[in-house]
């Protein structure tokens, strides 16, 4: 399954690592740490969450940081060259399918070294993972498939099962045998419920 995009993330040559987002003056100016508000691209809470993390990891290249990535269900690996983010909220924004919620991605989290992720300086929420090997993550947000809609017949059977539970339990018959004893008003409620879906 191809879930990547053409636009590639920064690497060690084109970006700056988490522990020094200035990249020696190539990416963000030295005043970034004192005035991150000057570089806010309108990212809201995810931007400011990322700023807090960037400040925490300044000059700490060998500390591990939690990264997030939105991926199709069942994929648990972040590969070198993948886009990642520092905030779960930003990953959640990017896990949502534009028109079909059933195609939303899950989110995984993984721990990596601060020197293995890089920013290009155009968005503090987007980073490139450039570790030496793939990293296995754990699911922190799972897409739950929408349950299958029950048919009219299944709902009628469930209603009979519920209404005549004691009689069924004592062997007086099965749910199927009691369907004919449901009130017309009960059947009408089920018809309306099915029609509304």
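Spin-label pair residue 111-residue 165: with each label point 7 Å from Cα along the Cα-Cβ axis, the two points sit 4.6 nm from one another. Overall, the anisotropy analysis places the range 16-141 in the oblate class: the square-rooted eigenvalues a ≥ b ≥ c of its C-alpha gyration tensor yield a/c not less than 1.5, with a/b not exceeding b/c.
List the relative contact order of the range 152-196 as a percent without decimals, with contacts defined as Cα pairs under 8 Å and 6+ residues apart. Across the range 152-196, relative contact order equals 45 percent. Subtracting the Cα-Cα distance of residue 11 and residue 55 from 0.36 nm times their residue separation leaves 13.8 nm of extension gain. Volume of the convex hull of the range 111-177 (Cα atoms only), normalised per residue: 201 Å³.
Each part reduced to its alpha carbon centroid, the range 1-66 and the range 137-197 end up 53 Å apart.
Between residue 33 and residue 195, the contour length at 0.36 nm per residue exceeds the Cα-Cα span by 52.5 nm.
Taking the number of Cβ atoms within 10 Å of each Cβ as an exposure proxy, the fewest-first ranking of 170, 141, 129 is 170, 141, 129. Against the chain, whose longest principal axis is taken from its Cα atoms, helix 152-163 shows a tilt of about 70°. Extension gain, residue 62 to residue 142: 0.36 nm times the residue separation minus the Cα-Cα distance gives 25.8 nm.
When you count the other C-beta atoms within 10 angstrom of each residue and take the mean per peptide, 60-69, 23-32 line up highest first as 60-69, 23-32. Each 10 Å bin from zero holds the following percent of Cα-Cα pairs in the range 145-192: 27, 48, 21, 4.
No value in this document is a laboratory result; all are computed from the given coordinates. On a predicted model such as this, the values are computed, not experimentally measured, just so you know. Virtual Cβ from ideal backbone geometry, glycine too; neighbours counted across all protein chains shown.
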